[in-house]
Structure formats: structure tokens, C-alpha cells
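Since the structure comes first, as C-alpha cells, the remarks are kept for the end.
The values are calculated or read from the model by the stated rules, or taken from the named source; none is laboratory data. Values in this document were obtained by computation on a predicted structure and should not be read as measured data. FYI the Cβ positions are ideal-geometry reconstructions off the backbone, even for glycines, and counts take in every protein chain you see. Note: accessible area is taken over every heavy atom of the protein model, side chains too, but ligands, DNA and RNA are not part of it. Shrake-Rupley method; radii C 1.70, N 1.55, O 1.52, S 1.80 Å.
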Amino acid sequence: MATTLTPPDSDQTSVPPAKLPPGLETNAEKAESRRGFLIGLPAYAYLVLFFALPLAIVVVYSFATRSTTGLTVLADWNLQSYARLTDSLVVAITWRSLWIATLTTVVSLVVAYPFAYYIATRTPRVRAALLVLVMIPFWSNFLVRTFAWRLLLSSDGPVTRILETLGFANPRLLFTPSAVIIGLVYGYLPFMILPLYASLERMDHSLVEAARDLYATGWEAFRKVTWPLSKPGVIAGSILVFIPSFGAFVTPEVLGGTGTTMLGSYIGRQFVGTASDWPFGAALSVAILFVMMLAAMFYFRSGGKDL
Amino acid sequence: MSIVDTGDSTAAVVQDSVARPRRTVDRVLAGNAWLVFLFLYLPILVLIVLSFNDNDRVGVWTEFSVRWYGEMFENSRIMGALRTSILVAVLSTAVSTVLGTAAALSLERFRYRSQRAFDGLLYLPVIIPDITMAVMLLLFFVQAFDIVLLVTGVGLSRGLGTITLAHIAFNISFVALVVRARLSGLDASLEEAAADLYASRWQAFRRVTLPLIAPGVAGGALLALTLSLDDVVIAEFVSGAGTTTLPVYVFGALRRGVSPLINAVSVLMLVGSILLVVGSLAISRRRTGG
Amino acid sequence: MIEERDVTDLQTAVEPTAPATTDAAVSLHGVTKRFPGGKGSEPVVAVDAIDLNIADGEFFSLLGPSGCGKTTTLRMIAGFEYPSAGSIRIFDEEVGLKPPNKRPVNTVFQSYALFPHMTVAQNIAFGLEMKDVGRDETARRVAEVIELVQLEGRENRKPKQLSGGQQQRVALARALVNRPKVLLLDEPLGALDLKLRQTMQIELKQMQEKVGITFVYVTHDQEEALTMSDRIAVMESGHLLQVGPPEEIYDRPRTRFVADFIGETNLLDATIRDHGIAELRDGTQVRLDSHEPAGTAVTLAVRPEKLGLVRADADRNHDLDAVHGTVARATFMGNAIAYEVRIDGGSEPFPVEIRQGNAPGIEHFAVGEQVRVRWSPSSASVLED
């Protein structure tokens, strides 16, 4: 019965016996799929043209040669730019970026965790108000917020004066790694607060009460119940802070000095001025992208997509 | 502290053994929260205060003055950069909101073969560092303009157009991300119900889907607007000699050294973004409250 | 636009092989739905070549456990899924590949799917608006249906401001206002609490009689199906197991699954000895209405309330079959007492559940008491599997 009703044009004889004949719905479903594809097409075409293609060009450039005059020669393909990634200067800058990003992440976590916990345990009204207060600086201009720290930390700025009155002799913060870390923490703290808040707010508070009921002290209840349950938020927040800190460009340029060059600014330098070296800059970009992809994969693997 | 507690036995009996340490913890948490808010807002306040300082040196307060604001509005380069920023932000937001919403619909409401690849392509601009994206687009425009010159003899230069194209490229992803979140929370049977009640696909979208995802679309657009106004790195790389955005102007000026004029410009940008957020919050509150 | 033409092309392709004209409201012929399986695996057959005719004006229920294909069947009638094979006709019009907005049916969704941004009146008027019914006509029909579902005075509320029962009525009104030829209901009472559900069952049935529209009702609740339906189709893993009026489904289940799924039942293994005589495992011979040849192994299904219990030494009533056993458990249930009786003898004694009324005259039994379990031959069904 069923087979006699399939459209005659489906040509069942040519279909191997193990496979089911194509269903009646196939054409309608194909039309539906096509419709979905067409709706997305303008965005995809745009991203292929202005994202995927530029990415491919960067990869191509990374194998090109720099002429003696600083121009890029799209010939003589070689791996020299990649070989230079092991130069002691590049390694040093990478290490610096790594530890500055790590320290930024740790400081953010230590500051944000109790803060997020505090917000999550307020009444809904207070919670909403506090979240708005967190979001306002977050939505404000990043460059301006970084610049504000330049004013605060400058040699005649308020922070330096306070430190002087506290008895520190010649406290110099601006253009040091500390200034960069402060700037990065300031810039990306909301990235840490929000996922932490999301995982802590979602947590059933009666679980902590259950732990207390089962003779756990407050600290034990935190360590055995709250902390493990908030781990997805910790991981998500850490990665969301680490990724932009590692590739930072603006913050080290505004708050850092000659001794605080990070990968982001080092890449930038390969594209301006007479010392520019586009193939090397392209190779560095490919390398940093690779690191980011690994971090992002780790993020999605750890269930970050839910947050 | 625990030693004191055990010594004061009467107090320990009266006080709830659970509540006491909790109260201390709570106080520490509250203290930390205030410090965090201080950390978040103090720099902004200092910046605002210093922008009204009459002195040429940024850190030394002399007296209240709106002199720098006056100079800012007189400065044609700053005003030009402001105009470019607003134009780029509005254009890129408009285009990316339409494209991003369509992409979100396509990924969330349909099934087709190349979907996973597109999903990945859509996520990449979100996680890629600004500097990489900037380098990519710089090389792309240089290469593309070389080819255009070779083929047509027309010499194109980087400026408002390239900045807008670059901003659309990353904004599509952010809009799609926000709209998708909203769409996935929307009961798909609502669209089925519309179709069941004789609505065509377009009518169902217009009358049911779009009104219900409107907050997501508005949120995505706001994010796009903010990101566009926020961007320094990408605009710095793909802008030309003549046209720059306001953040690129400020960034360049900062490299030459701070000046009170930059304070005033910064406060202008700050006020702009805060007004944007507070305004949109007020609108969304009125809509849900009414 | 393009795919709508594709659909009509297919439509004509189906036409020549479609079955002869029937006067059914809904008729399914060889309807199959396959969903693509996971990567590399076989497609999942959700509905397997079912044939079904639903008469005009009938309250018809599709009953089965979750995943049996009942909702997929309903969604194919509504047009949310297209069949992989077969024909779906509504009043003799082939609709199998038509989009939902081109079908003369309306659906009441399990989640109600009320548009949250529209008022009650706007929700109800939606379908009429899409069909371009005039403004006056729309207003008149909306008012009429609001009265029918007793929602007067709530026209301008948003769905969120209504109780679950009221939302359910809006969903019903929104579908009925279009005067569909067939109304499809997907577990519409599932989200309501027990008491409201029972009231709504009666109301729905009354409303169906009033409007005279064919109802196709999907439910996993056997009691709901038995109470409301003119006919029931029991489904399991994509197949129709039995179609018939509630009494028949309940009293004469044809398969083990139907007997077990609808109400409680005792299954007794037996072997046919002679014409109309079967032997249970304990050796007792019982009579039954069956024409199976001698030697066939069969299963008898007897409902607990069709079983009677007497003391082992009570007078034998020759009109009834009886087996000996011991009371293993007695559970007080208020209006009745449920006994579990262990049948003596045979290779393995088996338990039987019996439900006895709790009226004053009826004898009670204690655990451990020797009893006889009796039933009339006509209340035992012989199952096909």
C-alpha cells in the first residue's frame, strides 16, 4: 500500500534494496531547507567575503617574503616567518603576555567570585539594580575607561599621591606591568562577574542547607557544594577574561611602557612604520589565532555554551 | 576569633551558632561589593572631574571650567571624527541587525546540510582577538584594492567605507548570537499555531515571530552600536589617512601624550554610551512594565 | 512561492494512485513517517503504514504511550509534518503535502501556543484576520465563540493573566472560531490539574456535540480517551493496534498491549483443549468464546472487577469458571478492596488481582484464606499475541 503511493517519478527500481525509497516529503523538506539556507545566505556570503577570505589572505601572507624596503613580496613562499616565532624576543613577549593574562584572570576571579556571590544572594529587586550598576561601566567606551586609569596612575595622579602619603617612596605605577594588569582587570571584570553570577544564581540554595544539615561547616559546604556547582561559571569567566587579555592591544599601548609590550601590540607594530614586516605579522596573527581556538574549544568542551 | 567565642559562653548560647559566622561572612561580602563598585566607578568619576579642570596639566587642579569642552566643539578634526563614528555605527548596526537576525532565524528554525559550517563561521568573529581581525581586514583591503586598481584602474582608499564594512563583519555575529538566544527560548509551536491559523510564512514571521524576538533584535542592535563605537583596533588598521573615528583619534592623541582636551572628548564618549544604555533600559522597562 | 508549486506538482503525482472516494472526515491510507536517524543510522519509522477512517462528527481519540506515533500522526493531519508515504484526505481532498495554512483543520496545542503579545480577542481573531474575513464578521464570530467558551469580560487580557483552564479555553476558541472541518487536539488537558481536567473532559465532549465538528484527540491518558471518545485507536510503535468504540477496546482487547495499557488486567496463559475449552496452567479447565484449534497456546485477559471471589467451600456455580487460590494480600481502597490471590497448583503459582466492591453485604477475606476465583466465560478475552 505504502509503496504504491510513492510518486512514480521517484524511480524505485534504481534504489538499492537496503535503502528506503525517498519519501513523499523529500521535495517539500528540500524546499524548506533551501528556504532556510537562502535566509541565512546574505550573512554567510558577507562573512565568507569579509572574514573567511581575509583569514585566508593572512595565512597566504604568512608564507610570503619581506623585501629589503619593507614591502611584501607575494612570491618565494617560505616558512621563515614561522621560524622567527622562536626568536628570543618573541618568546619573551609571549611569556609576558601569558603571565599578564594569567595574573589578570586570577585577580579577576578572586575579586569577582565573592562579588558575584553577594549579588546572587540578594533579593531579586536588589539583584537587578546591582547588575545594572555592573553593566553601565561595561557598556561604556573601553578606550575611555582605560584612559581614565592613565589619569589615576600618572605621576601626579591621585593613586600615586595616596601611595606617597602612605609612605611609599617614589611609587611608579604607570607604564609598568602592574598598570597593564589593573587596566585589564578593570576592562574585563564584567566578563568574569556575569558567568559567575549566572551559575551561582541558578544554584539551588537548599543544597547548601542540605550540606549544613549533614553536619558540614560553612566552609566545608562552600568547598564541597557551592564551589563545584559554580565551576562552569569559573571556567567560562576565566576563559572570557583570558582570551582578550592575552591578545590585548589597547591596554598595553595606553598604560604600558617599553618593558610591557604584549603580543597584540607586537603584532600591530609589524604593520606600521618603516620597520614593518607583514609576513611576520601575519604569521604571529595565525599563531595567536591558533591559541585562541584552543582556548575556545576548551570553553565549549566544558559546557560554556550554556552560559 | 574562635577563642573569644568559646570564652564568652553566655553569648555563644544566646546567639545562633549558624547565624554568627554567616553575619561576618556577609559583612565581608558586602564590603568587597562596595570596593568593587568603587573600583568600577572611581576612574570614571575622576575622569569627569578632571575634564572640568582649567589647568593645562591634566593632574593639577586649578579651577572649574568648561574651556576644554568649548575647544572640543571648535576642533574640526574631533567633530569630523565624531561624525564618522556615528555614521559608521549607525550604518553597520542597520546592516548587521538585518543580516544577523536572518542568520539567527536560518540557524535556529531550519535544517540544512551546510549548517554546522555556517555555525562555526558565525562564531569565529566573536572569539577572534581584535588585533587578528584588524590584520586580516587590513591585508584584505590592501589586496582587494590592488586588484581593483589593476583591473579597473580605479584607485580606492581606506576610510569610512572600509571601517563600516569591517564593523559589519564582526557585528553580524554578535547580533546573531543575541537573537539566537531569544529565538531558542521561543516556543516553536507558536509559529506552528500561526500557520495552523492560515498565516503564510511571511505573515507568521511579521505577526508572531518578529514581535516576540523584538527585544532580542533590539538588544543585538544595541550591542552592535556599542561595539562599533567602542572599537579602536580594527578601525585604526582599516581607516585611511583622512577619515578616522573618534576612538582612533583619541588613541592617536594618547600616544602623543595626554591633554585635558582628550579628557573632554572622553567624557563626551562616556556620556554618549551611558545615555544609550540607560535609554534602552528605560525603554525596555516601560515596555515590560506597561 | 517556489516550493508551493513543488508541492502541487507532487500532489498531482499522488492523485492517480490515491484510494477511492470515501465519506470520511479524515482518511489515512498507508501513511508512513520516517525521521532521519542519527549519523549513519537507519531512519526512525515513527508511523508505519497506517490506514484509518474517521467519520464526520466523530470524537476520535488516538491513544498510546509517548513515542507511539500518535502526535506525529496528528501533526501530519495538521500539516506540521509531511508524510513519507501514503495519502491523507480531509473530506476527500488530498492534503498530505499542503502547508498547514492551506488545510481546513485547526489545532489546539498541548502548550496552547497562545500568542503572548496579543490579547485574548486578538488571539481568537488571528485566523479570521489571516483569512480576510471582514471586520464586522470577525467581531461577531469572536464574540460568539467567547460566549461559547465562557470567557466574557476577559477579551482584553493577555494570556499570561489567565489561569491554565482559561488559557485552554482561549486555545479552543481560537481554533473553533474558524469553523474548521476537523479540530485537532494534542493532549490539550495535559497541563491541567486532575479536578479541572475532569471538568474539562465533560465540557469538551459537550462542546463537540454542540458544534458538531469532528474532533481528533491525542492523549496518553486511557481514562480520558474512554470517557470522551466515540471511537479510540490504540497505537504502539507506529502501528495501529486496535480501533473501536471505548466499550470494545476495554472489554475486548485484542492484544496483550491493549489489554495492559487500558486499565488493569489479569493475563492467564492457557492451552486450547477442545472446542471452547481451555486449560490453565494449574490444570483448571475453563470455557471461552474462541474458535482456536486444540493445542494452541493462548492468553486470556480478565479485568480485575470482572472477577468474583468466594470461599473455597462455597457452593459451586456452574455458570462460572473458577480456580482455587490463597489470598496473598488485601488492600483497602475505600470504595473497593483489591485482593491479590495466588493460584494453587500448577508448575508455578501466579497472582491474580481482584477488585471487590465494599458494600455492606459483601464478604471480606483475610490474608491466607482459601478462596475460589470465578468469572463468566464472556468476560475473558482471548488475545491474539
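Which residues, taken from the range A:276-286, are under 16 Å from A:Thr94 (Cα atoms) and either of a type in the set (Lys, Arg) or more than 10 Å from chain B (Cβ to nearest Cβ) (or both)?
Residues of the range A:276-286 under 16 Å from A:Thr94 (Cα atoms): A:280-286.
Across the range A:276-286, the qualifying residues are A:Phe280, A:Ala283.
Considering the range C:187-207 alone, what residues qualify as being in contact (Cβ under 8 Å) with a residue 60 or more places away in the chain, over 16 Å from the mean Cα position of the chain (by Cα) and assigned to a helix (DSSP H, G or I)?
none
Going by the conditions given, is C:Met235 in contact (Cβ under 8 Å) with a residue 60 or more places away in the chain and open to solvent by less than 40 Å² (accessible area, probe 1.4 Å)?
Numbers: in contact (Cβ under 8 Å) with a residue 60 or more places away in the chain: yes; open to solvent by less than 40 Å² (accessible area, probe 1.4 Å): yes.
Answer is yes for this residue.
Mind counting the residues in the range A:114-152 that are at pLDDT 90 or above, more than 8 Å from every other protein chain (Cβ to nearest Cβ) and in contact with a Phe, Trp or Tyr (Cβ under 9 Å, 6 or more places away or on another chain)?
Matching residues across the range A:114-152 total 5.
In the list B:Ala188, B:Ala194, which residue meets the criterion of being crowded, with 21+ Cβ neighbours inside 10 Å, under 23 Å from A:Glu32 (Cα atoms) and within 14 Å of chain C (Cβ to nearest Cβ)? Give the steps one after another, and end with the answer.
Numbers: B:Ala188 fails: crowded, with 21+ Cβ neighbours inside 10 Å.
Within the list B:Ala188, B:Ala194, the selection yields B:Ala194.
Anything in the range A:258-270 that is within 15 Å of B:Phe237 (Cα to Cα) and either open to solvent by 20 Å² or more (accessible area, probe 1.4 Å) or acidic (Asp, Glu) (or both)? List them, or say none.
Filtering the range A:258-270 for residues within 15 Å of B:Phe237 (Cα to Cα) gives A:264-270.
A:Tyr266, A:Arg269 - these are the residues of the range A:258-270 that are within 15 Å of B:Phe237 (Cα to Cα) and either open to solvent by 20 Å² or more (accessible area, probe 1.4 Å) or acidic (Asp, Glu) (or both).
Being touching a Gly at 6+ places or on another chain (Cβ under 9 Å), crowded, with 18+ Cβ neighbours inside 10 Å and in a helix (DSSP H, G or I) is the filter here, so list the residues in the range C:208-225 that pass it.
C:Gln208, C:Gln222
Given the structure, is C:Ser378 of a type in the set (Ser, Thr, Tyr) and assigned to a loop (DSSP other than H, G, I, E, B)? Explain how you work it out, then say what you get.
On the way: of a type in the set (Ser, Thr, Tyr): yes; assigned to a loop (DSSP other than H, G, I, E, B): no.
The answer is no for C:Ser378.
Mind checking whether some residue in the range B:199-208 is open to solvent by less than 10 Å² (accessible area, probe 1.4 Å), within 7 Å of another protein chain (Cβ to nearest Cβ), within 19 Å of A:Ile57 (Cα to Cα) and in contact with a helix residue (DSSP H, G or I) (Cβ under 6 Å, 6 or more places away or on another chain)?
There is no residue in the range B:199-208 that is open to solvent by less than 10 Å² (accessible area, probe 1.4 Å), within 7 Å of another protein chain (Cβ to nearest Cβ), within 19 Å of A:Ile57 (Cα to Cα) and in contact with a helix residue (DSSP H, G or I) (Cβ under 6 Å, 6 or more places away or on another chain).
Sort through C:Val120, C:Val149, C:Val108 and tell me the only one that's away from chain A (no Cβ under 14 Å), in contact with a helix residue (DSSP H, G or I) (Cβ under 7 Å, 6 or more places away or on another chain), in contact (Cβ under 8 Å) with a residue 60 or more places away in the chain and of a type in the set (Val, Ile, Thr).
On the way: C:Val120 fails: in contact (Cβ under 8 Å) with a residue 60 or more places away in the chain; C:Val149 fails: in contact (Cβ under 8 Å) with a residue 60 or more places away in the chain.
Going through C:Val120, C:Val149, C:Val108 in turn, the sole match is C:Val108.
Consider C:Val310 carefully, then state whether it is assigned by TED's automatic domain parsing to the domain that holds C:Gln208 and either within 19 Å of C:Val352 (Cβ to Cβ) or in contact with a Leu (Cβ under 9 Å, 6 or more places away or on another chain) (or both).
On the way: assigned by TED's automatic domain parsing to the domain that holds C:Gln208: no; either within 19 Å of C:Val352 (Cβ to Cβ) or in contact with a Leu (Cβ under 9 Å, 6 or more places away or on another chain) (or both): yes.
No: the conditions fail for C:Val310.
Scan (1) at pLDDT below 90; (2) in a loop (DSSP other than H, G, I, E, B); (3) out of contact with any Lys or Arg (no Cβ under 9 Å at 6 or more places or on another chain); (4) open to solvent by less than 20 Å² (accessible area, probe 1.4 Å) for the single condition A:Gly273 breaks and write down its number.
So A:Gly273 meets the others, but not (4).
Is it the case, given these coordinates, that C:Pro293 is loosely packed, with under 14 Cβ neighbours inside 10 Å and assigned to a loop (DSSP other than H, G, I, E, B)? Step through it out loud before you land on a result.
On the way: loosely packed, with under 14 Cβ neighbours inside 10 Å: yes; assigned to a loop (DSSP other than H, G, I, E, B): yes.
Yes; evaluated as a whole, the condition is true for this residue.
Could you check, for the range A:281-302, whether at least one of its residues is modelled with pLDDT under 80, in a loop (DSSP other than H, G, I, E, B) and out of contact with any Phe, Trp or Tyr (no Cβ under 9 Å at 6 or more places or on another chain)?
yes
Can you find a residue in the range C:114-121 that is farther than 22 Å from C:Asn53 by Cβ, in the same structural domain as C:His220 (by TED's automatic domain parsing), of a type in the set (S, T, N, Q) and part of a loop (DSSP other than H, G, I, E, B)? Quick ask: steps written out before the conclusion?
Looking only at the range C:114-121, we keep the residues that are farther than 22 Å from C:Asn53 by Cβ, and these are C:114-121.
Of the ones still in play, those that are also in the same structural domain as C:His220 (by TED's automatic domain parsing) are none.
No, because not a single residue in the range C:114-121 is farther than 22 Å from C:Asn53 by Cβ, in the same structural domain as C:His220 (by TED's automatic domain parsing), of a type in the set (S, T, N, Q) and part of a loop (DSSP other than H, G, I, E, B).
Applying the selection to the range B:223-234, what residues are open to solvent by less than 30 Å² (accessible area, probe 1.4 Å) and either assigned to a helix (DSSP H, G or I) or hydroxyl-bearing (Ser, Thr, Tyr) (or both)?
Going through the range B:223-234, the residues open to solvent by less than 30 Å² (accessible area, probe 1.4 Å) turn out to be B:224, B:226, B:228, B:231-234.
Result: B:Ala224, B:Thr226, B:Ser228, B:Val233, B:Ile234.
Given (1) facing another protein chain (nearest Cβ under 7 Å); (2) modelled with pLDDT under 90, where does A:Phe50 come up short, assuming only one miss?
Against the list (1) facing another protein chain (nearest Cβ under 7 Å); (2) modelled with pLDDT under 90, A:Phe50 comes up short only on (2).
Before we move on, is B:Ala181 part of a helix (DSSP H, G or I), of a type outside the set (D, E, K, R) and more than 14 Å from chain C (Cβ to nearest Cβ)?
Working: part of a helix (DSSP H, G or I): yes; of a type outside the set (D, E, K, R): yes; more than 14 Å from chain C (Cβ to nearest Cβ): yes.
Yes, satisfied.
Looking for something at pLDDT 50 or above, open to solvent by 30 Å² or more (accessible area, probe 1.4 Å), under 43 Å from the mean Cα position of the chain (by Cα) and not polar (S, T, N, Q) - is there at least one such residue anywhere in the range A:12-26?
no
Output the residue which, of all residues in the range A:27-65 that are part of a helix (DSSP H, G or I) and polar (S, T, N, Q), is surrounded by the most Cβ atoms within 10 Å (Cβ to Cβ).
Initially, the range A:27-65 is screened for residues part of a helix (DSSP H, G or I), giving A:27-61.
Among the residues that remain, those that are also polar (S, T, N, Q) are: A:27, A:33.
On the way: A:Asn27: 21, A:Ser33: 17.
Among them, the one singled out is A:Asn27.
Is it the case that some residue within the range C:170-178 is open to solvent by 40 Å² or more (accessible area, probe 1.4 Å) and either touching a Ser or Thr at 6+ places or on another chain (Cβ under 8 Å) or within 23 Å of B:Ala193 (Cα to Cα) (or both)?
Looking only at the range C:170-178, we keep the residues that are open to solvent by 40 Å² or more (accessible area, probe 1.4 Å), and these are none.
No; the residues of the range C:170-178 include none that is open to solvent by 40 Å² or more (accessible area, probe 1.4 Å) and either touching a Ser or Thr at 6+ places or on another chain (Cβ under 8 Å) or within 23 Å of B:Ala193 (Cα to Cα) (or both).
Quickly run through the range C:22-79 and pick out the residues that are more than 10 Å from every other protein chain (Cβ to nearest Cβ), among the aliphatic types (A, V, I, L, M), outside any loop (DSSP other than H, G, I, E, B) and under 20 Å from C:Asp230 (Cβ atoms).
If the condition is that a residue be more than 10 Å from every other protein chain (Cβ to nearest Cβ), among the aliphatic types (A, V, I, L, M), outside any loop (DSSP other than H, G, I, E, B) and under 20 Å from C:Asp230 (Cβ atoms), then C:Val26, C:Leu28, C:Leu52, C:Ile54, C:Leu62, C:Leu63, C:Leu74, C:Ile77 are the ones that fit.
Of these, B:Leu270, B:Leu276, B:Leu281, B:Leu261, which one is open to solvent by 50 Å² or more (accessible area, probe 1.4 Å) and at pLDDT 85 or above?
On the way: B:Leu270 fails: open to solvent by 50 Å² or more (accessible area, probe 1.4 Å); B:Leu281 fails: at pLDDT 85 or above; B:Leu261 fails: open to solvent by 50 Å² or more (accessible area, probe 1.4 Å).
One residue alone meets the criteria, B:Leu276.
For the range A:130-225, which fully contained helices (runs of 4 or more DSSP H) count at least 2 residues that are in contact with a strand residue (DSSP E or B) (Cβ under 9 Å, 6 or more places away or on another chain) and open to solvent by less than 40 Å² (accessible area, probe 1.4 Å)?
none
Would you confirm, using the coordinates I've provided, whether B:Tyr112 is open to solvent by 50 Å² or more (accessible area, probe 1.4 Å) and at the interface with chain A (Cβ under 10 Å from one of its Cβ atoms)? Talk me through it step by step, then tell me what you get.
Working: open to solvent by 50 Å² or more (accessible area, probe 1.4 Å): no; at the interface with chain A (Cβ under 10 Å from one of its Cβ atoms): yes.
When the stated conditions are applied, B:Tyr112 does not pass them.
Anything in the range C:80-98 that is more than 23 Å from C:Pro36 (Cβ to Cβ) and either facing another protein chain (nearest Cβ under 7 Å) or part of a loop (DSSP other than H, G, I, E, B) (or both)? List them, or say none. Reasoning before the result, please.
As a first pass, look at the range C:80-98 and keep what is more than 23 Å from C:Pro36 (Cβ to Cβ): C:89-95.
Selection gives C:Phe91, C:Asp92, C:Val95.
In this structure, is C:Gly244 more than 16 Å from C:Pro377 (Cβ to Cβ), modelled with pLDDT under 85 and either under 15 Å from the mean Cα position of the chain (by Cα) or of a type in the set (Ser, Thr, Tyr) (or both)? Step through it out loud before you land on a result.
On the way: more than 16 Å from C:Pro377 (Cβ to Cβ): yes; modelled with pLDDT under 85: no; either under 15 Å from the mean Cα position of the chain (by Cα) or of a type in the set (Ser, Thr, Tyr) (or both): yes.
No; evaluated as a whole, the condition is false for this residue.
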